[in-house]
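The values are calculated or read from the model by the stated rules, or taken from the named source; none is laboratory data. Computed from a prediction, not measured in an experiment: that's the story for all the values here. Glycine also receives a Cβ, built like all others from the backbone with ideal geometry; neighbour counts cover every protein chain displayed. Side chains included, ligands, DNA and RNA excluded: accessible areas come from the protein's heavy atoms. Shrake-Rupley method; radii C 1.70, N 1.55, O 1.52, S 1.80 Å.
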Amino acid sequence: MKKIISVLLVALFLYSCSDYQAALKNEDVAAKFDVATKMYEAGKYTKAIRLFEQLAPAYRGKPSGEKLFYMYAQSCYKTKQYYLAGYQFDSFVSGYPKSEKSEECAYLGAQSYSMLSPVYSIDQTDTFKAIEKIQGFIDRYPNSQYITEANAISRKLNDKIERKVYENALEYNRISNYKSAIIAFDNFIADYPGTTLKEKALYYKLDSAYSLAINSVPSKMEERLITAKTSYNNLVKFKPNTEYKKKADEMLAQIDVELQKYNK
């Protein structure tokens, strides 16, 4: 019995392959469409894509192409070809704006672009594009069934950009470019007032201001020491029990010692 089942499965597989190979060479678009649909419904998305690529010119812009381009976009998404999926979902929404699948495709298109967003430490061009796409979806479909997921994606993408900006500022501190670090942390705090990284940003701004002041030429030291002290005050005002309190207090003590030299 098992042998018979195995033979039948092999025969079915060979028939399916033969059917697919024939469809690739078939000029009959209706027959090709039928096989492409079967490939899609069977989860054979890579094969379906090859057929959809052949069919696309004949169906583009036509009402009959709605199903084809929906399956085409879905196949790209399911095979994790996110650049192509994003493009195909965008094209579907543009070509079939009144389709009942339009909202779903708009969401999946935005999600496809979000999947292309890299780790925060490298170039974020794709992240900015994904933010634009997901925000466009949120604006267009504020009551969508996908709105909760869309908002979560938006937060995740924006958090990544926020982290990137913070890390860029921190890098100036690490390489001892303290002037640039102070400016970068000021901009970060102004641009992201509700950030969870504010305590860290305030501390490293203090650290940068302190290091700049202590290593200054005498003519600029007093002014920079006062600026560093202001940075200390901003940190402890924001969070009196900051995790950096011990280090910050040590900096303040040294700042006060140096400032006393100018009060004599």
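Counting only residues that are in contact with an Asp or Glu (Cβ under 8 Å, 6 or more places away or on another chain) and in a helix (DSSP H, G or I), which one in region 195-211 is nearest to GLU258 (Cα to Cα)?
LYS205
Taking the residues in region 59-108 that are under 22 Å from ALA42 (Cα atoms) and within 17 Å of the chain's Cα centre (by Cα) as candidates, determine which candidate is surrounded by the fewest Cβ atoms within 10 Å (Cβ to Cβ).
LYS80
Can you pull out the residues in region 204-252 that are of a type in the set (A, V, I, L, M, F, W, C) and under 18 Å from ASN177 (Cα atoms)?
Keep residues of region 204-252 that are of a type in the set (A, V, I, L, M, F, W, C), which gives 206, 209, 212-214, 217, 221, 225-226, 228, 235-236, 238, 248, 251-252.
Within region 204-252, LEU206, ALA209, LEU212, ALA213, ILE214, VAL217, MET221, LEU225, ALA228 meet the criteria.
Assess whether ILE214 counts as being open to solvent by 30 Å² or more (accessible area, probe 1.4 Å), touching an Asp or Glu at 6+ places or on another chain (Cβ under 8 Å) and more than 19 Å from ALA169 (Cβ to Cβ).
yes
Does GLN111 meet the test of being open to solvent by less than 50 Å² (accessible area, probe 1.4 Å), in contact (Cβ under 8 Å) with a residue 12 or more places away in the chain and closer than 29 Å to VAL165 by Cβ?
Yes.
So LYS247 passes all but one of these: (1) assigned to a helix (DSSP H, G or I); (2) within 20 Å of TYR172 (Cα to Cα); (3) open to solvent by less than 80 Å² (accessible area, probe 1.4 Å). Which condition number does it fail?
(3)
When you scan region 141-161, do you find a residue that is open to solvent by 50 Å² or more (accessible area, probe 1.4 Å), in contact with a helix residue (DSSP H, G or I) (Cβ under 6 Å, 6 or more places away or on another chain) and not hydroxyl-bearing (Ser, Thr, Tyr), even just one? Give the derivation first.
First pass over region 141-161, keeping only residues open to solvent by 50 Å² or more (accessible area, probe 1.4 Å): 142-143, 145, 148-149, 151, 155-156, 158-159.
Add one more test, that the residue is in contact with a helix residue (DSSP H, G or I) (Cβ under 6 Å, 6 or more places away or on another chain), and what stays is none.
Within region 141-161, not a single residue is open to solvent by 50 Å² or more (accessible area, probe 1.4 Å), in contact with a helix residue (DSSP H, G or I) (Cβ under 6 Å, 6 or more places away or on another chain) and not hydroxyl-bearing (Ser, Thr, Tyr).
Here is a list: ALA11, ALA30, ALA56. Which entry is at pLDDT below 95 and closer than 24 Å to TYR113 by Cβ? Reasoning before the result, please.
Numbers: ALA11 fails: closer than 24 Å to TYR113 by Cβ; ALA30 fails: closer than 24 Å to TYR113 by Cβ.
Selected residue: ALA56, the only one of ALA11, ALA30, ALA56 that is at pLDDT below 95 and closer than 24 Å to TYR113 by Cβ.
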